[in-house]
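The values are calculated or read from the model by the stated rules, or taken from the named source; none is laboratory data. This is a predicted model, so every value here is computed, not measured. Every residue, glycine as well, gets a Cβ built from its backbone with ideal geometry; the counts of neighbours run over all protein chains shown.
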Amino acid sequence: MTIRKNFIFDDEIVKYLKEIASKENITQTQVVKNLIQEKYEEISIEEKLEALNAFAGSGTGLYGNLTIQEIKANMDV
């Protein structure tokens, strides 16, 4: 499915867009699509890395800087 979107750009940005499209030998629409796709992939990778970093270490038995065994040893049970 293709959806038409209208954007408003400053004259300078329009000049850059035309120049990029000309040098890449692609349409201005394709320039915008490519840039959006690249940015989305960059953000997606960052989000996945953040999730991985949050998960990293969870299988080590560490809770903060303490192991489960240390926590149990310090409990009044």
(request) Scan the range 3-43 for residues that are over 24 Å from the mean Cα position of the chain (by Cα) and in a loop (DSSP other than H, G, I, E, B) and jot them down. (result) R4, N6, I8, F9, D10, N25, I26, T27
(request) Quickly run through the range 10-29 and pick out the residues that are surrounded by 11 or more Cβ atoms within 10 Å (Cβ to Cβ) and either at pLDDT below 95 or out of contact with any helix residue (DSSP H, G or I) (no Cβ under 8 Å at 6 or more places or on another chain) (or both). (result) I13, V14, K15, Y16, E19, S22, T29
(message) I need every pair where a residue in the range 30-49 that is on the phi < 0 side of the Ramachandran plot has its Cβ under 7 Å from the Cβ of a residue that is surrounded by 10 or more Cβ atoms within 10 Å (Cβ to Cβ) and of a type in the set (A, V, I, L, M, F, W, C), sequence separation at least 6 or different chains.
(response) V31/L17; V31/I20; V31/A21
(message) Is it the case, given these coordinates, that E46 is modelled with pLDDT of 95 or more and assigned to a helix (DSSP H, G or I)?
(response) no
